[in-house]
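Trainee: Below you will find the structure I want to go over with you.
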Amino acid sequence: MCRGQPINCAPRFKISEINVSKSASRARLYEIIRKRSFGRGEVTLASGRKSDFYFNLKPTMLDPEGATLLAELTYEALKDDKLDFIGGLEMGAVPLAGAIAQISWIKGHPIAAFFAVEGLAKGESLQGKRVVVVEDVTTTGGSAMKAVEAVREAGGNVALVLTMVDREEGASETFKQVGLPFRALYKASEFLDS
């Protein structure tokens, strides 16, 4: 019987039973981000810049379907990079890193999560580990560089920086200057051009 809270009425699927193509997953996630996390209107970004559009990925990261698709597509983008850890600064990285860690374990290639070099078990360290720094939205790359510096100070080797959405406002250049590969699941222009 389907009584009580609505969540109890949702159909139950095992992740392995959900067989959706990568392109269909990417298209669906695009729609979720566009609906829940993209908007127009003047804002001041974390970088201090003014903009006439914004991305607030928290509503997508905390949505059950959005979180699953973000984790799945991110895992697919990273699975061949032989990574040990995924993490970054608190608000932009924690929901992502946790979901990706879970999916990676289910897929049989575990990538542990951390945030701002917290969340490690006693005796666990980033020393000598391959790490990807992840964040929700990247503008200039300044926030991700803080996470890169923290990882390096802890002895980790940053393999790359991955963002869910690149605002295309200088991050590529920032990471190129320091020799770090930079990838994005989406670019702002994909949303602005639609």
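Trainee: Just want the answer: with Cβ charges of +1 for Lys and Arg and -1 for Asp and Glu, which residue in 108, 87, 137 is farthest toward the dipole's positive end in the chain?
Mentor: Towards the positive end, the residue furthest out is 108.
Trainee: Further question: In the structure displayed, which of 35/187; 58/129; 58/146; 22/107 lie more than 23 Å apart, Cα to Cα?
Mentor: Numbers: 35/187 16 Å; 58/129 28 Å; 58/146 20 Å; 22/107 15 Å.
The answer is 58/129.
Trainee: I've got another one for you. What dipole magnitude, in Debye to the nearest 20, does the chain give about its Cα centre under +1 on Lys/Arg Cβ and -1 on Asp/Glu Cβ?
Mentor: Magnitude of the dipole: close to 420 debye.
Trainee: Using only the Cα atoms of the chain, build the gyration tensor, take square roots of its eigenvalues as a ≥ b ≥ c, and label the shape rounded, prolate or oblate: rounded if a/c is under 1.5, else prolate if a/b is larger than b/c, else oblate.
Mentor: In terms of gyration-tensor shape, oblate.
Trainee: Now, a different point. Explain nothing, just compute: Karplus ³J(HN,Hα) = 6.51 cos²θ - 1.76 cosθ + 1.60, θ = phi - 60°, for every residue of segment 151-157 in order, whole Hz, x for Gly and Pro.
Mentor: 5, 5, 4, 8, x, x, 9
Trainee: List the aspartates and glutamates whose alpha-carbon lies under 15 Å from that of residue 50, not counting same-chain residues fewer than 8 positions away?
Mentor: 42, 168, 169
Trainee: Continuing with the same structure: Explain nothing, just the number: dipole magnitude of segment 101-194 about its Cα centre with +1 on each Lys and Arg Cβ and -1 on each Asp and Glu Cβ, in debye rounded to the nearest 20.
Mentor: The calculation lands at about 440 debye.
Trainee: Carbon and sulfur: what percent of segment 144-194's accessible surface (1.4 Å probe)?
Mentor: 46
Trainee: Counting only protein heavy atoms and using a 1.4 Å probe, what share of the accessible area of segment 38-132 belongs to carbon plus sulfur, as a whole percent?
Mentor: 53
Trainee: Write down the accessible area per residue of segment 40-188 in Å², having rolled a 1.4 Å probe over the full set of protein chains. Walk me through the intermediate numbers first.
Mentor: Details: 7060 Å² over 149 residues.
Here the per-residue accessible area is 47 Å².
Trainee: Based on Cβ point charges of +1 for Lys and Arg and -1 for Asp and Glu, what charge dipole magnitude is obtained for segment 57-159 about its Cα centre, in debye rounded to the nearest 20?
Mentor: In total the dipole reaches around 280 debye.
Trainee: Treat each spin label as a single point 7 Å out from the Cα along the C-beta direction, and report the residue 27 to residue 176 distance in nm.
Mentor: 3.2
Trainee: Here is a further query. Once you sort the root eigenvalues of the Cα gyration tensor of segment 147-194 as a ≥ b ≥ c, which label holds: rounded (a/c under 1.5), prolate (a/b larger than b/c) or oblate (the other case)?
Mentor: Verdict is prolate for segment 147-194.
Trainee: Under the rule a/c < 1.5 gives rounded, and otherwise a/b versus b/c splits prolate from oblate, where does segment 65-112 land using the Cα gyration tensor?
Mentor: Judged from the Cα gyration tensor, segment 65-112 comes out oblate (a/c at least 1.5, b/c at or above a/b).
Trainee: Considering only protein heavy atoms, what is the solvent-accessible area of residue 172 at a probe of 1.4 Å, reported in Å² to the nearest 10?
Mentor: Accessible area, nearest 10 Å²: 50 Å².
Trainee: Another one. I'd like the distance separating the alpha-carbon centroids of segment 43-101 and segment 120-194, in whole Å.
Mentor: 11
Trainee: For a quick protection proxy, order the peptides 58-64, 93-99, 129-135, 105-111 by their average other-Cβ count within 10 Å, most packed first.
Mentor: 129-135, 93-99, 58-64, 105-111
Trainee: Towards the positive end of the charge dipole of the chain, with charges on Cβ (+1 Lys, Arg; -1 Asp, Glu), say which of 186, 69, 45 has the farthest Cα.
Mentor: Working it through, the farthest residue towards the positive pole turns out to be 69.
Trainee: Okay, moving on. Could you work out the per residue convex hull volume over the alpha carbons of segment 36-115, in cubic angstrom? Provide the component values of the computation, followed by the final result.
Mentor: Working: hull volume 7.7 nm³, N = 80.
Output value, Cα hull per residue: 97 Å³.
Trainee: Go ahead and estimate [θ] at 222 nm for the chain from helices alone: -39,500 (n - 2.57) per DSSP H run with n ≥ 4, summed, over the residue count, rounded to 500. Write down the numbers at each step before the final one.
Mentor: Details: 7 runs with 75 residues, N = 194.
That comes out to -11500 deg cm²/dmol.
The values are calculated or read from the model by the stated rules, or taken from the named source; none is laboratory data. Model, not experiment: these values are computed from the prediction. Methodologically, a virtual Cβ is constructed for each residue, glycine included, from the backbone with ideal geometry; neighbour enumeration extends over all protein chains shown. Just the protein is used for accessible areas: all its heavy atoms, side chains included, with ligands, DNA and RNA removed. Shrake-Rupley method; radii C 1.70, N 1.55, O 1.52, S 1.80 Å.
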